[in-house]
Structure formats: C-alpha cells, structure tokens
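Beneath this line is the structure, given in structure tokens, with notes to follow.
The values are calculated or read from the model by the stated rules, or taken from the named source; none is laboratory data. Given the structure is predicted, the values throughout are model-derived calculations rather than measurements. We place every Cβ from the backbone using ideal geometry, glycine too, and count neighbours over all the protein chains shown. Remember, those area values only see protein heavy atoms, side chains included, never the ligands or the DNA or RNA. Shrake-Rupley method; radii C 1.70, N 1.55, O 1.52, S 1.80 Å.
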Amino acid sequence: MLSARLNIAILLARSASKLSRLIGNQGETLPGRILLAIEPEAISLLAKDKEVILVSGTNGKTSTTKAVASIISQLGPVATSGSGSNLAWGAANALISPAPFAVLEIDELHLPAIIAQTDPTVVLLLNLTRDQLHRMHEVKRVADRWHVECAEAVNTVFVADIDDPFINYATANANNVVRVSFGGRVHPDGAVCPRCGSYLNWDGGNYSCTCGLTNKISELKFKDGSAAYRNAILANIVGEVVGAEPIEFTTEQLERTVSKEIDGKRVHFRLTKNPASWTEALSAKLQPDVILVLNARQVDGIDTSWLWDVSFAQLKGHNVIVCGERALDMAYRIHVEGISSQVVSSFDEAVSLLVGPEISVLTAYTAFFELAM
C-alpha cells in the first residue's frame, strides 16, 4: 500500500502532466521532478511491485527500449517513457503507471543510481563511446561507475554486448551476465584495457588482454551486422530472459530515422550525435544530395572536437550542404578531408537549393527533434 505522501506526490505529478500536455509539452519531465521533490524515494517505492528492465548505452537507447517494450508487452502492460525521457525524473514518471512491467531507457550517468533504486530483473548494456564530452568526460569514467554497480546488483541479469571492451569491463564482476558477441568490431576508444590499463591486443575486431578481458569467450555468438541488427537481437535476448517470445524488427525500427515530404522532395533524416553514430550513418547508403546539420547545445554536446575523430570520406562525390549553429566547424572539418560543401544559414534554404527528388539529412540531436519530429 502506497503511503499518503507518495499518493499526494502522484496526484500532483499527474495534474502537472495534464497541464504540461495542454500547453504542448510531452508531460513527462515536470511530473517526475514534482514526484521526486515531494517523495525522494518514489522510484524505489514504485518499482517494488514491478518487474523492471533497464536499457542504457551511448547509442541506440531510445529505439532499443521501444523494441524491448514491444517484446515485453506480450506478457502484460508495460510502463515506459514514450518520449525517451531517460533521467531520474523520466523514470519516476513512467513508474507511476500501475503496469506490472517497466521498461526504462536510462542515461549512462544515471544508470548506477537507478539500478540501486529499482533492483531490476534485467539490464541491457548496448555500448559505451564518447558523447557529450562536457558532461560524460572520457568513456572510462562511465565504465568505472557501471563496473561498481554491476557487481553490487546481485539479483540482476545483465545482457552485455562484450564486443565493446568497456561493456565487458563494466560487467566483469557481475553475478549474472549473458555475454553476447557479434564476431567483434573495432572500438574507437579501445586501445587500452579498461580493467588493467595495458594495451589491448586487437586481432581484427577481437581483443584480448593479459588480465583476461576478451570478447572471444561469450555465452551467445551471432554474425556481425549493423547497430540496428545487433540491437534487435539484444532486445530479444532480454525478452527471452523474462519469458517473452521473440519479435522481428526492421532496420528502420531500430534506427533513429524519419522520412517526410518537404517542398516536393523526400527527405530522410538520421540522428547523428557522436563519432560512433556518425560512423554508422556514413557507412549506410546516402542519397547524392546530403545535408549536414550541426548544433552544439547542452544535449548535443558543446564540445565539437570529436568531429576530428570521424572519417567523412564517404561524402566524397556527394552534393553537400552544411547548416546549423556550428556549420562552420563541420564545413572546415570536411574541407580538410577534401570534401567541398556549401554553408547556408538555415535548413529551409538548404532544401531549396537541392534539386534531386531525395535528400539524406544527418543531423545533431536538437536539430533532429526540431526538423524531423
């Protein structure tokens, strides 16, 4: 039975949610803030009667969380965040639902605290790469925090893509781990072993260390594929742990992509927010006409130095237009790699200058939601 304090907090949070939606917002962050302000233990209290599943990683959290929620919904109603609100207040708001299952996307820095508060049944760890350097700092910092909490969560099953050495290290001392490998892939930050500090021995996409950290030993092995392919498999492994039947997903369902008609042209938006997601996007098929949109607001990451960690060679031969608040940063970066581009002041201007029937748009986080959603 919920306490009077928690019931009052829920009532006020729900009222705030309705008001927030009336003025055009998602209605998820404000209610969660109110809930936690009145009852700081709300997450722990609301999670007690639920089977909780958490999803975290640098890239692919939102789409994979939706996939997991779809799989688990075969077993019963699922509490989740429709907008991908992944901080503590987003989790608190989602847990207000009376649903017996909760599938929550959790920000990397918030994950240890949410694990401790919810005692989850399963935690899916996708990947760790550089992102939002002003907030996350280096990848090892996040991996160290995960490593401590994973070891303490003795009741939780961790589903881990160990082709990422930081994920492997994070779960190295966990009690229950389903280690998954897709045949290996090179990690851009994986020169040094995150566990002992020695240089990793890389053989193609596989790594090993004198301390024993390696992706050559795993419970499950699959063929290599795109991030969307891998995340679909990982989502179904989570479902299997909980007792749900597998579901097939298309690549589009597991990618942050949106297509829409603009001025008679078919425009394909793809979210690209850090070196790993840019590399994945640039390896995909692009239209001859390409627009790059770069912002550097708080959620984009205010430090754009990561641009120099990405190879943009795949853009050679494409008609490239660059816009966004940090368009000059992007234009200069690709110029150094021998790629010509035109810098314009707005996205609408960029679209108007292109004559082809289809356009590929690779866009920063804030621009993606402003332009594509």
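Overview of results
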read-out: Positive dipole terminus of the range 108-193, leading residue within V122, W146, V178 (C-beta point charges); value: W146
read-out: Using distinct alpha-carbon pairs, which all enter the 1/r mean, Kirkwood radius of the range 33-149 in Å; value: 14.3
read-out: Equivalent ellipsoid dimensions for the range 289-373 as semi-axes, Å, which come from the Cα gyration tensor, largest first; value: 18, 17, 10
read-out: Stretch gain in nm, segment R135-S73, where the contour uses 0.36 nm per residue and the Cα spacing is subtracted; value: 18.9 nm
read-out: Relative contact order, percent, the chain [alpha-carbon distance under 8 Å, six or more residues apart]; value: 13
read-out: Residues with amide H under 5 Å from that of V361, placed H, sequence gap 5 or more; value: H268, F269, R270, I291
read-out: Two-site label geometry, K260 and W202: point separation in nm, points 7 Å out along Cα→Cβ; value: 3.8
read-out: 13 Å beta-carbon shell around S3, net charge (K/R +1, D/E -1); value: 0
read-out: Apportionment of accessible area to carbon and sulfur, the range 129-246, percent (1.4 Å); value: 50
read-out: In nm, spacing of pseudo-spin labels at D309 and I38 (7 Å Cα→C-beta vector); value: 4.2
read-out: Extreme residue, positive dipole direction of the chain, given options T250, S63, L294 (C-beta unit charges); value: S63
read-out: Nearest-20 debye value, the chain charge dipole, Cβ charges on Lys, Arg, Asp, Glu; value: 240
read-out: Solvent exposure of the range 196-248 as accessible area per residue, Å², 1.4 Å probe; value: 55
read-out: Solvent exposure, largest accessible area first (probe 1.4 Å, DNA, RNA and ligands not counted), of T58, T129; value: T129, T58
read-out: Over the range 199-245 - Rg/Rh using Cα atoms and the Kirkwood inverse-distance radius; value: 1.09
read-out: Total charge dipole magnitude, the range 173-277, about the Cα centre, Cβ charges on Lys, Arg, Asp, Glu only, Debye to nearest 20; value: 280
read-out: Relative contact order of the range 48-102, pairs being alpha-carbon contacts under 8 Å that are 6 or more residues apart, as %; value: 45
read-out: Among S360, A372, G338 the positive-end extreme of the charge dipole of the range 315-373 (Cβ point charges); value: G338
read-out: Whole-Å semi-axes of the range 120-245's equivalent ellipsoid (Cα gyration tensor); value: 21, 17, 14
read-out: Identified option (computed Cα Rg over 2.2 N^0.38 Å; candidates (i) 1.02; (ii) 1.21; (iii) 1.14); value: (i)
read-out: Over the range 230-373 - Rg/Rh using Cα atoms and the Kirkwood inverse-distance radius; value: 1.02
read-out: Most mobile of N155, N168, N86 in a GNM of the chain (Cα contacts under 10 Å); value: N155
read-out: More than 21 angstrom apart: percent of Cα pairs within the range 160-224; value: 13
read-out: The range 191-282 shape via C-alpha gyration tensor axes, a/c threshold 1.5; value: oblate
read-out: Theoretical gain in end-to-end length, D224 to H335 [0.36 nm per residue, Cα-Cα removed]; value: 36.7 nm
read-out: Size of charge dipole - the range 130-224 - debye, nearest 20, with Cβ of Lys, Arg +1 and Asp, Glu -1, no other charges; value: 60
read-out: Bridge type composition, the chain - antiparallel percent by DSSP, nearest 5; value: 20
read-out: Residues of type lysines that K140 reaches as a straight line, Cα spacing below 30 Å, ignoring anything fewer than 8 places off in the same chain; value: K61, K66, K216, K221, K223, K273
read-out: Formal net charge of residues neighbouring R266 (Cβ-Cβ distance under 15 Å; K, R +1; D, E -1); value: -1
read-out: Local electrostatic count, R130, Cβ distance below 12 Å [Lys/Arg +1, Asp/Glu -1]; value: -2
